[in-house]
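Peer 1: Here it is: the structure, laid out below.
Quick note: the coordinates plus some simple rules give every number you see, no bench work behind them. This structure is a prediction, so every number in the text was calculated from the model and none was measured. Don't worry about glycine lacking a Cβ; one is built from the backbone with ideal geometry, like all the others, and counts go over all protein chains shown.
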Amino acid sequence: MRTSNRPAERLEATVGRAPGAPAGSARRPPWALLLCVFLLAAVPRLACVWFWSSPMAPDSWTYVTPAKNLAFGRGYVDDTGHPLSFRPPTYPLFLAGVFRVAGVSIGAVEVVQSLLAAAGAAALALWVRRRWGRGAGVATGILVALDPILIPVPAFVLTEALGTVLVVAIVVCLEQGLLTRRSGLLVLGGLLGGAAALNTPITLLLVPWLLLTIWAVRPWGRPDWRACLLALGMAASCLGAWTARNYLVQGNAIVVRDNGFGSLVWATTEYDFDWLPSPHEPAWTALRQKFDALYAGHTDQEAHDIFLREAWRNFRSSPLLVLKRVAKANFWFWFEAPGSHLSGDFRPVRYLTLLFHQLQLLALVVALWSLWRAGRLRQWTLWISTIGYFAVFLSLMMPIPRYYVPLLPVMDTLIASGLALLAAGSGPGAPPAGGGASPRGGSIDPAG
């Protein structure tokens, strides 16, 4: 049988095949894995929705209001009919879709979010299995399904419910698209990047960041610049359409939303962070009073500029103090975990969640070491780069741990795959379990 010399064809023939598996096995969907991971993820999330009657978060209504108006055909407006850009549109559009089908029901939203998260976990497990082998796929499915930080996310009407799916889907689409040179996957990755930026603004530059990383590291050889431009153009088109809409209906070229990140940067330069900020502390009350004084009488856009100027003034007046505050803020950002502030009857949940999160961070270090030892670290460039992106772009922000929740499926995938590799006893130079690029990036033939 003639073997093709084209890298893309060789990759199509080998990617996703576990060692010793028949050539056609990668094409047969492992329905047992899909079903088991889906149920493993869906049951605890639906149980959380059913038994834990969580109140609406303060931010939830700012998404629900435009979603109801969209569902009723009034457009993306507030209850007075004024066009909105306070919140970007992805999550309200998702809510509006649910409302059109099930009526204005928060319970229906939570159920749909739970099923979407479960489907995402099953799809991710399948992709990892095809790419890196059965052990890595099973481990990924179990960890993402049972991650106690991810389980309660669908019970809240907040953007993280979509963010956990969108971020990991961007990474998968870009990686698979660049590996196989399939333009459709790159288009999808770019569109998902645009949707993510208009869902979770912290991901605004995620797609260009990842493409720049691929261009610099070249884990699978020199990338096709036209493919990179295609993905980047799709992401930019989503942002451009939203910005044009804002300019046409409001007269302002608002790229993401009215209220920017200036207040979060300013708060980081003001607070001492002897612990994670709590609204019950006197220091938080004083910070809130300063915030109200700076914000009073200004629009959201004007306030954003004022807060950035004040943050810069704080740094110039006492740079060492501000750097100390930033360092302490980043410690709390990564040390704490969403839900770890719970008290009263939920106090045990706090300790269990915090313990898991500390073990999660330790396992990430071990997994990265395992991948490095086996010579596969560069092949995980996009996944590691995504963690780096969140670390960089959240570094100056007020430490609100739920902001890194969309990153957790990426971290869990790295952890599961790295620990599965360690458990399998793969040594340096072993070929990837699922085929793919060589550790040196010079060839994508699994044989090196």
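Peer 1: Given an 8 Å cut-off on Cα distances and at least 6 residues of separation, report the relative contact order of the stretch 258-340 as a percent.
Peer 2: Details: 69 pairs, mean separation 40.2, N = 83.
Relative contact order comes out at 48 percent.
Peer 1: Further question on the same structure: Under 20 Å from a point 7 Å along the Cα-to-Cβ line of Asp59: which residues of the stretch 393-417 have their amide N that close?
Peer 2: So the set is 393-411.
Peer 1: If we sort 407-418, 111-122 on the protection proxy, mean other Cβ atoms within 10 Å, highest first, what's the order?
Peer 2: Working: 407-418: 25.2, 111-122: 21.8.
Ranked from most to least packed, the peptides come out as 407-418, 111-122.
Peer 1: Relative contact order of the chain: what whole-number percent is it, with Cα pairs under 8 angstrom and at least 6 residues apart? Show your work: numbers first, answer last.
Peer 2: Working: 672 pairs, mean separation 93.6, N = 448.
In percent, rounded to a whole number, it is 21.
Peer 1: Lys and Arg at +1, Asp and Glu at -1: add these up for the other residues within a Cβ distance under 12 Å of Thr381 and post the number. List each step's numbers first, then the result.
Peer 2: Numbers: positive: Arg218, Arg376, Arg378; negative: Glu175.
In short, +2.
Peer 1: Under a 5 Å amide H to amide H cut-off, with H placed in plane at 1.01 Å, what residues pair with Val77 once short-range neighbours are removed?
Peer 2: Leu70, Leu84
Peer 1: ³J(HN,Hα) across the stretch 390-402 via Karplus (A = 6.51, B = -1.76, C = 1.60, θ = phi - 60°), whole Hz, x for Gly/Pro?
Peer 2: 5, 4, 6, 7, 9, 5, 9, 8, 3, x, 10, x, 5
Peer 1: Whole-Hz ³J(HN,Hα) for each residue in the stretch 182-193, computed from phi via Karplus 6.51 cos²θ - 1.76 cosθ + 1.60 with θ = phi - 60°, x for glycine and proline: what do you get?
Peer 2: Once rounded to whole Hz, the list reads 8, 5, x, 5, 5, 4, 5, x, x, 5, 5, x.
Peer 1: Straight-line reach from Lys328: which aspartates and glutamates have Cα under 18 Å away, leaving out those fewer than 8 places along the same chain?
Peer 2: Straight-distance partners of Lys328: Glu270, Asp272, Asp274, Glu281, Glu336.
Peer 1: Continuing with the same structure: With label points built 7 Å along Cα→Cβ from the Cα atoms of Leu205 and Ala424, find their separation and express it in nm.
Peer 2: So the two model labels end up 3.6 nm from each other.
Peer 1: Highest mean first, what order results for 388-395, 101-108, 135-142 on Cβ atoms within 10 Å? Kindly include the intermediate steps, with their values, before the conclusion.
Peer 2: Working: 388-395: 16.5, 101-108: 13.2, 135-142: 23.9.
Put in order of decreasing packing, that is 135-142, 388-395, 101-108.
Peer 1: Give me the number: length gained by fully extending Trp312 to Trp225, i.e. 0.36 nm times residue separation minus the C-alpha to C-alpha distance, one decimal in nm. Intermediate results must be reported in sequence, preceding the final value.
Peer 2: Working: separation 87, 0.36 × 87 = 31.32 nm, distance 3.74 nm.
Extra length available between Trp312 and Trp225 comes to 27.6 nm.
Peer 1: Can you tell me how much longer the chain between Ser105 and His298 gets when fully stretched, taken as 0.36 nm per residue apart minus their C-alpha distance, in nm with one decimal?
Peer 2: 66.0 nm
Peer 1: Would you mind getting the Kirkwood hydrodynamic radius of the chain from its Cα pairs, rounded to one decimal in Å? Intermediate values should be presented prior to the final figure.
Peer 2: Details: mean 1/r = 0.0428 Å⁻¹.
Roughly 23.4 Å, rounded to one decimal.
Peer 1: Shifting gears a bit: Show that you can apply the helix-only estimate: for the chain, add -39,500 (n - 2.57) for every DSSP H stretch of four or more residues, divide by all residues, and state [θ] at 222 nm to the nearest 500. All intermediate terms of the calculation are to be shown ahead of the outcome.
Peer 2: Values: 17 runs with 283 residues, N = 448.
About -21000 deg cm²/dmol.
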